[in-house]
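Single-structure report; data block below.
The values are calculated or read from the model by the stated rules, or taken from the named source; none is laboratory data. All figures in this text were calculated on a predicted structure; none of them were measured in a lab. Cβ atoms come from the backbone with ideal geometry, glycine included; neighbour counts cover every protein chain shown.
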Amino acid sequence: MKLTATLTALAMTFAAPVVAQDLYIGGGLDYGYPHSGDSETFGSFIAGVIFDVGPIGVGIEGDIGVQLSEGDDRETSRVRGLVTYDFGQITGIASVGGVQYKRGSTVYDGETYGLGAQMPVTSMLDGRLEFMRDFVGGDFETNVTTTRLSVLYKF
């Protein structure tokens, strides 16, 4: 009986997936293209955590963006769930979540979807390129496609 319990515990130990955690912060340069109106440039602060189980990872990420170009002084914020897949040197990223656009004192809510790729630059820094599509309702009534180039510092 003890041998069976020991072998079962040993098998469960080796069969259980190894979970690694990546906590990161970073900055991004965003080029937003509203589907009505002029394009805009934003600077974004990004923070998140990803839990890796083998080549697949799941996580959550938040970002706050401030408009750098001239325009109507918008601010953005997103909270997204991430799924990643490690292809070796490059990691693919898919995301879905909520977005808020703030113009003056008015806030517009919507959904955001994204695809991207990330790769290590050094042992502590990753570079990321991603495309996000924001669907915003209310009086805002425009959808925005954002291209983001970012650098992330991993703890």
Residue that is among the aliphatic types (A, V, I, L, M) and at pLDDT 95 or above, where the choices are ALA16, ALA9, ALA5, ALA47: ALA47
Residue among GLY98, GLY81, GLY116 that is in contact with a Gly (Cβ under 9 Å, 6 or more places away or on another chain), more than 29 Å from ASP139 (Cα to Cα) and in contact (Cβ under 8 Å) with a residue 12 or more places away in the chain: GLY116
Counted residues, segment 72-92 - those being closer than 16 Å to THR145 by Cβ and not polar (S, T, N, Q): 3
Output for segment 68-95, where each listed residue is among the β-branched types (Val, Ile, Thr), surrounded by fewer than 20 Cβ atoms within 10 Å (Cβ to Cβ) and part of a strand (DSSP E or B): VAL79, VAL83
Residue in segment 118-135 that is at pLDDT below 95, charged (D, E, K, R), loosely packed, with under 15 Cβ neighbours inside 10 Å and out of contact with any helix residue (DSSP H, G or I) (no Cβ under 7 Å at 6 or more places or on another chain) present: no
Residue identified as modelled with pLDDT under 95, surrounded by 13 or more Cβ atoms within 10 Å (Cβ to Cβ), in a strand (DSSP E or B) and not charged (D, E, K, R) among GLY65, GLY98: GLY65
